[in-house]
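Please read the structure below before turning to the comments.
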Amino acid sequence: MDRRDKQNYYLDIAETVLERGTCLRRNYGSIIVKNDEIISTGYTGSPRGRKNCMDLNRCIREELKVPRGTHYELCRSVHSEANAIISASRRDMIGATLYLVGKDAKTKEYVRDANSCSMCKRLVINAGISYVVIRDSEGEYREINVESWIEDDDSLKIIKDAGY
């Protein structure tokens, strides 16, 4: 029997974390790891004390047919990356790696071309996290150097595309 490589080991844990998610569209799980130690975990879900989409049995973004990657202000959930960052101290996150797995809530298939949204990218950058590893399939993943998010500032593209 082959031993599971370290990246997939941590992605497997993040995938287990996403099962706590309460989104009716897509659930994500994140874990932050530094020096082979799990610093924190996070999943997609409403802020503490608020009803989540599963409780309400409705998703506003789905009802409004909001396209993926847009208008997150309409979402009730806090993203998994944000929840993981909220649960960790910055000194523990500096130089760490965030592992991210996303699945469709209905089909349970991996989210194709998953990535952090622009707000979560900003949080990851400010937290001092160095790498983000994103699962594409059971054994395949992408490793992103967070420095590339700084150099390729997507917020400037959004502003330009909006005509400002």
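The values are calculated or read from the model by the stated rules, or taken from the named source; none is laboratory data. The structure displayed is predicted, hence computed values, not measured ones. Cβ: placed from backbone, ideal geometry, glycine included. Neighbour counts: every protein chain shown. To get the accessible areas, we keep the full protein, side chains included, count just its heavy atoms, and leave off ligands, DNA and RNA. Shrake-Rupley method; radii C 1.70, N 1.55, O 1.52, S 1.80 Å.
Might you let me know whether segment 114-135 holds any residue that is surrounded by fewer than 14 Cβ atoms within 10 Å (Cβ to Cβ) and part of a strand (DSSP E or B)?
Checked segment 114-135: no residue is surrounded by fewer than 14 Cβ atoms within 10 Å (Cβ to Cβ) and part of a strand (DSSP E or B).
Quick check on my filter: what residues within segment 89-104 are in a loop (DSSP other than H, G, I, E, B) and open to solvent by less than 20 Å² (accessible area, probe 1.4 Å)?
Selection gives A96 alone.
Name the residues in segment 1-34 that are in a strand (DSSP E or B) and open to solvent by less than 50 Å² (accessible area, probe 1.4 Å), would you?
N27, Y28, G29, S30, I31, I32, V33
How many residues are crowded, with 16+ Cβ neighbours inside 10 Å and in contact with a helix residue (DSSP H, G or I) (Cβ under 6 Å, 6 or more places away or on another chain) if we restrict to segment 35-63?
8
Suppose the filter is modelled with pLDDT under 95 and open to solvent by 100 Å² or more (accessible area, probe 1.4 Å); does E151 pass it?
yes
Tell me whether segment 30-44 contains one or more residues that are farther than 22 Å from Y72 by Cα, among the hydroxyl-bearing types (S, T, Y) and out of contact with any Phe, Trp or Tyr (no Cβ under 7 Å at 6 or more places or on another chain).
Yes, segment 30-44 contains a residue that is farther than 22 Å from Y72 by Cα, among the hydroxyl-bearing types (S, T, Y) and out of contact with any Phe, Trp or Tyr (no Cβ under 7 Å at 6 or more places or on another chain).
Yes or no: Y72 open to solvent by less than 20 Å² (accessible area, probe 1.4 Å), among the hydroxyl-bearing types (S, T, Y) and touching a Lys or Arg at 6+ places or on another chain (Cβ under 9 Å)?
The answer is no for Y72.
Which of the numbered conditions does S77 fail, given that it passes all the others? Conditions: (1) modelled with pLDDT of 95 or more; (2) within 12 Å of the chain's Cα centre (by Cα); (3) open to solvent by 10 Å² or more (accessible area, probe 1.4 Å).
Every condition holds for S77 apart from (1).
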